[in-house]
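Since every read-out is calculated from the coordinates, none of them should be taken as a lab result. Keep in mind it's a predicted model, so treat the numbers as computed, not measured. Don't worry about glycine lacking a Cβ; one is built from the backbone with ideal geometry, like all the others, and counts go over all protein chains shown.
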Amino acid sequence: MELIFEKSRPGRTAGSIPASDVPETALATLIPAGLLRDGLNLPELAEVDVVRHYTRLARRNFGVDVGFYPLGSCTMKYNPKVNENVARLDGFTGLHPYAPEACAQGNLQLLYELAGYLCEICGMDDFTLQPAAGAHGELTGVMIIKKHFERKGRKRSTILIPDTAHGTNPASVALCGFQVATVRSNAEGGVDIAHLRELMTKDVAGLMLTNPNTLGLFERNIEEVADIVHRKGGLLYCDGANANALVGVTRPGDLGFDIIQLNLHKTFSTPHGCGGPGSGPVGVKRHLAPFLPVPRVVKKGKRYRWSEDFPHSIGRVRAFYGNFNVMVKAYTYIRSLGAAGIRRVSENAVLNANYVMTRLKPHYRLAFDRVCMHECVFTGEKQVQESGVHTTDIAKRLLDYGFHPPTIYFPLVVREAIMIEPTETESKETLDEFCEAMISIAREAKENPEFVKSAPLTTPVKRLDDVQAARKPDVCWTLC
Amino acid sequence: MDYVPHTPDDQKEMMRAIGIESMEALFADIPETYRIKGLLELPAPLAEQEIWEHMSRLAARNRLPGATLAGAGAYHHYIPAVVSHVLARSEFYTAYTPYQAEISQGILQAIYEYQTMITRLTATGVANASMYDGATAMAEAAVLAAKSLGRDRLIMARSVHPEYRKVVKTYAWANGYECVEIPFNAAGQVEGEALWGLLDGRSAAVLVQSPNFFGVIEDIRPLADLAHGQGALLVAGFTDPTSLGILKPAGDAGADFVVGEGQGFGNPMSYGGPYLGILASTDAFMRKIPGRLVGATVDRDGQRGYVLTLQTREQHIRREKATSNICSNEALCMLAAAVYLASLGKNLGRLAALNVWKAHYLKETLSALPGWKPLFTGPVYNEFALACPDAKEANRRLEKAGYTGGYDLAGEYPELAGGILFCATEMLRREDMDNVGSLLK
């Protein structure tokens, strides 16, 4: 398909600019010529051609609305349409962030109440809504940990992270000047308690734990884990990316976590948007609340306002207040579901993952044979050993069956990993179709491995050369 | 309402297949004491009609202004109708990060085109798929500069947006870097002499903004030369991207990094977010910059296609050695910007000119009022700062008349107390500007 630049023709235009109702003073009299640009190289197309271009691009893309999207740890649940409509209300999209507070009471109320709902859901005492994404929330959380120890006059050098952790965890830790020490997983897929005990010293600021972890497994020893960390004065951080397994059933705050980041674009149904915008609120127990970013919404009587009156705050992690429009959708979702609906989310997410696990167990090797939570992890090792078909081939062949593949090659502790997270918004028929496709591919891998390795065959492009893309990077079009 | 399709019969059948008697069995790994017995304390569920009514009432509790006179990092620009229609395509908004390239050519090509448009607008070699916002884009460029050079000092202009400076300070504190400030002069521009005095062998980056917070356009070239003379890098920021339609790009003036806020390209003000961080650099940093990068390649049949590339920069591969932890970014806001730019094309130049004319008219109108005068002498784009007899009273009158007033400088710039920062975009009509003039007399 041609690039938009290749469709450009001089003089064509889609945009129309209104006539000026003020004098059109010569620009060079207002701005020195040396500060003005010469020429603008942007595409020139008529509106019909712009629209066709992007419509054709949309048709070359696959979203949850097109089909099943079982990406582990991403929680690709259905994005409710009423949330989209609500988010487009002028009252929510139209205000400047510096609009007077008296004019923004609806927005301020939404933010205040949302923080309250998240506190209740997570068992935390306070929430910041400032971070723009999960990783941004992690960074904010690690900054809060750093500040906590700074205030105590103690410098701790290290944060512990399990070997199953998402890459954003060690990256966030390193970006706050901490060292990373990796805790091994045990044979059951949980934290190796002996190793944790060995690593947990008074020089360790805390443990960053995803629960359930990236293997889809609940940390059975959570009480002991929390105790080991807290006994040495450390903090227990929860990476809440997998909250879809727990909402309404248990609360991280009750399990002993001091701080958590959530992903509104995962658990709380806001759309992934091809990679954002997301939102990564951070919740804390009371003792860490002074360090939350500013400003924060406070309520006095019936009025809401912004306050920066928190002298020990870590400061700001972004301009303005957070991904407000994303929060509108999450708020709408929570209000739609209510407490009963929230519980149904985790119950059915876990039910669906266990169902898929049960159906696929005879055909693919399971990484850990125990009841999973909202996602299950298989390995493609059986297929590799039997016929040289790798997880990547299985994933590409799934594209031909009309499914988005699960997450592959993550977590790193499982070789040829296949991480499947169906979410709660899929019907039994969809799950059965997916399982049948996976079973069919397992058979194809055995009977006709070369065919599987040639996949995908029915997609707009065939397998792409990643290696060339990295070796000779071409990141912008220079030909026209 | 909820979105779980299962009927009780579906659930029974699935439990039977799994071999469990109840849903409770699924949560056996959670210690009994911590399993919630009933339900959380949250408001009761609502049917769709009820949620619509509730949210409409909540939205109506806000008051939209007749016109906005504030800029200061968020801009009221006209969004062409095509943008919302493209963004409503659920193949885009319900998709994830395009790791499976063969079924994501739509967004991958859109990102590649956007990268291209940004490099052309900023005169740089590479632009990424987005950062969270202009402030974090600046902060991450600063951190990258420090890590690349192994230096620990950031020199930041006081004329950079106050919130951007705060974010840079937070990121600097987290990494153990020092921040020092360069003052502005009577023109409202960075004082070159002062910069020269502050630069040393520990300086990693000089952070400036143009047009700066006061709307004044900086001359980047001499600042870049000074920075480079001491082995430091120049990070040039912007907050209204439409300024790129008319101003010489910082890439042509020696900037190593060009960062900024893309909200003005096709995204509503939305009470502060989601916004769009733009980050671009010279080719020298292609293998180090944070965020997603899309590259062109070919498939097995030799057909052109697009993939996420140079992923070894990123956290999922480099983990604690990554220069950034960014994962999800602002992809859909980037798509809005791309569609906006594709739609306006070269008309972006005329749009930017219209902004200049409107701002000039407002500035002249207000400067003519008794006791009102420009705070700075430097050339401006669509924002400008004026000293006035009583800033609070001025904004009070504007707000009473249903406008969002200008930005009161006293809070963040005590040395400019009494000053207000105004913005006039193409959305501000002459009759409103004349009305504002009368109100403030």
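How big is the dipole moment of the range A:345-462 about its Cα centre under a simple scheme where the beta carbon of each Lys and Arg is +1, that of each Asp and Glu is -1, and everything else is neutral? Debye, nearest 20, please.
I would put it at about 380 debye.
Using only alpha-carbon positions, what ratio does the radius of gyration of the range A:303-350 give when scaled by 2.2 N^0.38 Å? Don't skip to the answer; put the middle values down first.
Details: Rg = 16.2 Å, N = 48, 2.2 N^0.38 = 9.6 Å.
Expressed relative to 2.2 N^0.38 Å, the Cα Rg reads 1.69.
Return the single residue from B:Ile30, B:Ile220, B:Ile103 with maximal mean-square fluctuation; model: Gaussian network over chain B, springs between Cα atoms under 10 Å.
B:Ile30
In terms of the ratio Rg/(2.2 N^0.38 Å) built on C-alpha atoms, what value belongs to chain B? Present the calculation step by step, with values, prior to reporting the outcome.
On the way: Rg = 25.1 Å, N = 441, 2.2 N^0.38 = 22.2 Å.
With N residues counted in chain B, Rg over 2.2 N^0.38 Å equals 1.13.
For the residue pair A:Ser20 and A:Glu2, what label-to-label distance in nm results when each label sits 7 Å from Cα along the Cα-to-beta-carbon direction?
My value for the distance between the label points is 3.4 nm.
Helix check for chain A. Which DSSP H runs span at least 20 Å along their own axis by Cα, with a mean Kyte-Doolittle hydropathy no less than -1.0?
Numbers: long enough: A:105-122 (25 Å, 0.52); A:134-151 (25 Å, -0.23); A:324-360 (40 Å, 0.27); A:428-447 (28 Å, -0.47).
Helices meeting the criterion: A:105-122, A:134-151, A:324-360, A:428-447.
Quick one: grab Rg to one decimal and Dmax as a whole number for the protein assembly as shown, Cα atoms only, in Å.
27.0, 88
Divide by every residue of chain A the summed helix terms, -39500 (n - 2.57) for each DSSP H run of at least 4, and state the resulting mean residue ellipticity at 222 nm, rounded to the nearest 500 deg cm²/dmol.
On the way: 16 runs with 177 residues, N = 480.
About -11000 deg cm²/dmol.
Can you put B:His316, A:His374 in order, fewest other beta carbons within 10 Å first?
Details: B:His316 18, A:His374 32.
Result, fewest neighbours first: B:His316, A:His374.
Taking a threshold of 28 Å on the Cα-Cα distance, which of the pairs B:Lys358/B:Lys441; A:Lys146/A:Lys300; A:Lys7/A:Lys329; A:Lys152/A:Lys266; A:Lys302/B:Lys392 fall above it? Don't skip to the end; give the middle numbers.
Working: B:Lys358/B:Lys441 20 Å; A:Lys146/A:Lys300 31 Å; A:Lys7/A:Lys329 36 Å; A:Lys152/A:Lys266 35 Å; A:Lys302/B:Lys392 24 Å.
Among B:Lys358/B:Lys441; A:Lys146/A:Lys300; A:Lys7/A:Lys329; A:Lys152/A:Lys266; A:Lys302/B:Lys392, the Cα-Cα distance tops 28 Å for A:Lys146/A:Lys300; A:Lys7/A:Lys329; A:Lys152/A:Lys266.
Give the shape of chain A as rounded, prolate or oblate, defined through the alpha-carbon gyration tensor: a ≥ b ≥ c are the square roots of its eigenvalues, a/c under 1.5 means rounded, and otherwise the shape is prolate if a/b is larger than b/c and oblate if not. Can you show the working numbers first?
On the way: a/c = 1.69, a/b = 1.08, b/c = 1.57.
Oblate.
At 10 °C and a viscosity of 1.306 mPa s, what translational diffusion coefficient does Stokes-Einstein give for the range A:266-389, taking Rh as the Kirkwood radius over Cα pairs? Give it in µm²/s as a whole number. Walk me through the numbers before you get to the answer.
Numbers: Rh = 18.8 Å.
So the translational diffusion coefficient is about 84 µm²/s.
Inside 10 Å of the C-beta atoms of A:37-50, what's the mean count of C-beta atoms belonging to other chains? Provide the component values of the computation, followed by the final result.
Working: counts 12, 2, 3, 14, 7, 14, 10, 5, 3, 1, 5, 0, 1, 8.
The shielding value for this peptide is 6.
Taking neighbour Cβ counts within 10 Å as the exposure measure, how do A:Thr391, A:Thr29 sort from fewest upward?
Numbers: A:Thr391 23, A:Thr29 9.
Listing A:Thr391, A:Thr29 from fewest to most nearby Cβ atoms yields A:Thr29, A:Thr391.
Please pull out the direction-averaged projected area of the range B:341-422, using the convex hull of its alpha-carbon atoms, in nm² to one decimal place. Present the calculation step by step, with values, prior to reporting the outcome.
On the way: hull surface 26.9 nm².
So the mean shadow area of the Cα hull is 6.7 nm².
Within the range B:263-305, which residues have the backbone N less than 17 Å from the label spot 7 Å out from B:His228 along Cα→beta-carbon, could you tell me?
The answer is B:281-286, whose backbone nitrogens lie closer than 17 Å to the label point.
State, in angstrom, two size descriptors of the range B:62-219 derived from its alpha carbons: Rg to one decimal place and Dmax to the nearest whole number.
For the range B:62-219, the Cα radius of gyration and maximum Cα-Cα distance read 19.3, 56 Å.
Please give the Cα centre distance for the range B:318-396 versus the range A:211-254, rounded to the nearest Å.
First find each Cα centre; the distance between them is then 45 Å.
Hey, what do the phi angles of the range B:336-343 turn into as Karplus ³J(HN,Hα) couplings, whole Hz, using 6.51/-1.76/1.60 and θ = phi - 60°, x for Gly and Pro?
Those phi angles translate into 4, 5, 5, 5, 4, 5, 5, 6 Hz.
Can you give me the convex hull volume of the Cα atoms of the range B:72-159, divided per residue and expressed in Å³? Please report the intermediate quantities before stating the final value.
Values: hull volume 14.0 nm³, N = 88.
It is 159 Å³ per residue.
By the 4.7 Å beta carbon criterion, which cysteine residues of chain A come out unpaired?
Unpaired cysteines in chain A: A:Cys74, A:Cys103, A:Cys119, A:Cys122, A:Cys176, A:Cys238, A:Cys274, A:Cys435, A:Cys476, A:Cys480.
Over the range A:332-393, what lengths in whole Å, largest first, do the semi-axes of the equivalent ellipsoid take, defined as the square roots of 5 times the eigenvalues of the alpha-carbon gyration tensor? Each step should come with its number before you reach the end.
Numbers: eigenvalues 222, 28, 11 Å².
Each semi-axis is the square root of five times an eigenvalue, giving 33, 12, 7 Å.
Work out how much length A:Asp203 to A:Ser454 would gain on full extension: take 0.36 nm times their residue separation and subtract the Cα-Cα distance, in nm to one decimal.
85.2 nm
Which is the longest stretch in chain B that no exposed loop site breaks, taking sites as GluC sites (Glu not before Pro) with a DSSP loop state and at most 11 other Cβ atoms within 10 Å? If you can, show how the numbers build up before the last one.
Details: sites that count: B:Glu21, B:Glu41.
Longest site-free region, per DSSP loop and neighbour criteria: B:42-441.
Which value, in Å to one decimal place, does the Kirkwood hydrodynamic radius take for the range A:82-337 when every pair of different Cα atoms is included? Please list the in-between numbers first.
Values: mean 1/r = 0.0538 Å⁻¹.
It works out to 18.6 Å.
What spacing in nm lies between the two simple spin-label points modelled at A:Ala28 and A:Arg305, each 7 Å away from Cα in the Cβ direction?
That separation, rounded to one decimal, is 5.2 nm.
Between A:Lys152 and A:Arg56, what is the spin-label point distance in nm, taking each point 7 Å from the Cα along the Cα→C-beta axis?
According to this spin-label approximation, the distance is 6.1 nm.
Per residue, what volume in Å³ does the Cα convex hull of the range B:81-344 take up? Mind showing how you got there, number by number?
Numbers: hull volume 33.3 nm³, N = 264.
Here the figure is 126 Å³ per residue.
Among A:231-241, A:175-185, how do they line up by average Cβ neighbours within 10 Å per residue, starting with the highest? Each step should come with its number before you reach the end.
Details: A:231-241: 23.8, A:175-185: 20.1.
Packing proxy ranking, top to bottom: A:231-241, A:175-185.
Find the Cα radius of gyration of the range A:345-462, compare it with 2.2 N^0.38 Å by division, and give the number to two decimals. Let's see the in-between values first.
Values: Rg = 13.6 Å, N = 118, 2.2 N^0.38 = 13.5 Å.
Here the answer is 1.01, to two decimals.
Neighbouring Cβ atoms within 10 Å as the yardstick, rank A:Phe149, A:Phe257, B:Phe285 fewest first.
Numbers: A:Phe149 17, A:Phe257 27, B:Phe285 23.
Sorted ascending by nearby Cβ count, the order is A:Phe149, B:Phe285, A:Phe257.
Enumerate lysine pairs in the range A:345-462 that are 8 or more residues apart or on different chains, then count those whose Cα atoms are under 25 Å apart.
For the range A:345-462, the number of qualifying lysine pairs is 14.
How far is helix B:391-400 tilted, in degrees, relative to the longest principal axis of the Cα atoms in chain B, given as a value from 0 to 90 rounded to the nearest 10?
Its long axis makes an angle of about 50 degrees.
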